[in-house]
1. Report the calculated FRET efficiency for residue 18 and residue 122 (r = Cβ-Cβ distance, R0 = 25 Å), to the nearest 0.05.
2. May I ask you to compute the full-extension gain from residue 110 to residue 81, defined as 0.36 nm times their residue separation minus their alpha-carbon distance, rounded to one decimal in nm?
3. Neighbouring Cβ atoms within 10 Å as the yardstick, rank 131, 47 fewest first.
4. What is the Cα centroid distance between the stretch 130-150 and the stretch 1-77, reported in whole angstrom?
5. Just grab the label-to-label distance for residue 133 and residue 176, each label 7 Å out from Cα along the Cβ direction, in nm (one decimal).
6. Along its principal axes, what span do the Cα atoms of the stretch 90-139 show, with the longest given first and each in whole Å?
7. Ranking 30, 61 by Cβ neighbours within 10 Å, fewest first, what do you get?
8. To test your reading of the geometry: what angle, between 0 and 90 degrees and rounded to tens, separates the Cα axis of helix 82-94 from the longest principal axis of the chain?
């Protein structure tokens, strides 16, 4: 089994996030935006309902998402950023038939399968010109890599991922030699 890697180029991440938007496939756009911006496992994203993200009583997208992760059985609260909120507003406006599940098969109303989610994500990666194979887990790792690049502490990322070990979080980040070189080159303390 090949290990997945984060998408390190921010332009590629943005292009991939917009791939299905440009195709007019808003549900698939929401899938990718959620994967990139929440660091949730695909099983947790596919189990999301409209009630999890939308406050029907007040007619608006919720400001946060509260779930219990399937794998860890731990509760998690995720603040929904502007990208997620915008995608959900588009989706709610476009959706002719809001079903129970957010990322639903239009024929059954049930969540799409993990395999279908993988196919959609992989197609968006290929369609966006990303040469590496992109998977659901690549997008989970992409979140951490870019959060780390912005200065988020490794301890916070370990908590976001619900990892039991610091080492696993480090593996997720996909830190490469150019990241290490950047630190060395920036530490010109005597010059």
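1. On the way: r = 16 Å, r/R0 = 0.66.
So, using R0 = 25 Å, E works out to roughly 0.90.
2. Working: separation 29, 0.36 × 29 = 10.44 nm, distance 2.59 nm.
So the extension gain works out to 7.9 nm.
3. Values: 131 8, 47 18.
In order of increasing Cβ crowding within 10 Å: 131, 47.
4. With the stretch 130-150 and the stretch 1-77 each reduced to a Cα centre, they are spaced 13 Å.
5. My value for the distance between the label points is 1.8 nm.
6. 36, 21, 16
7. On the way: 30 25, 61 18.
Listed from fewest to most nearby Cβ atoms, that is 61, 30.
8. Taking Cα atoms only, the helix is inclined about 20 degrees.
Laboratory data are not the source of any read-out in this text; all were calculated from the coordinates shown. Note that this is a predicted model, so its numbers are computed, not measured. Because the Cβ atoms are built from the backbone with ideal geometry, glycine has one as well, and the counts that use them run over all protein chains shown.
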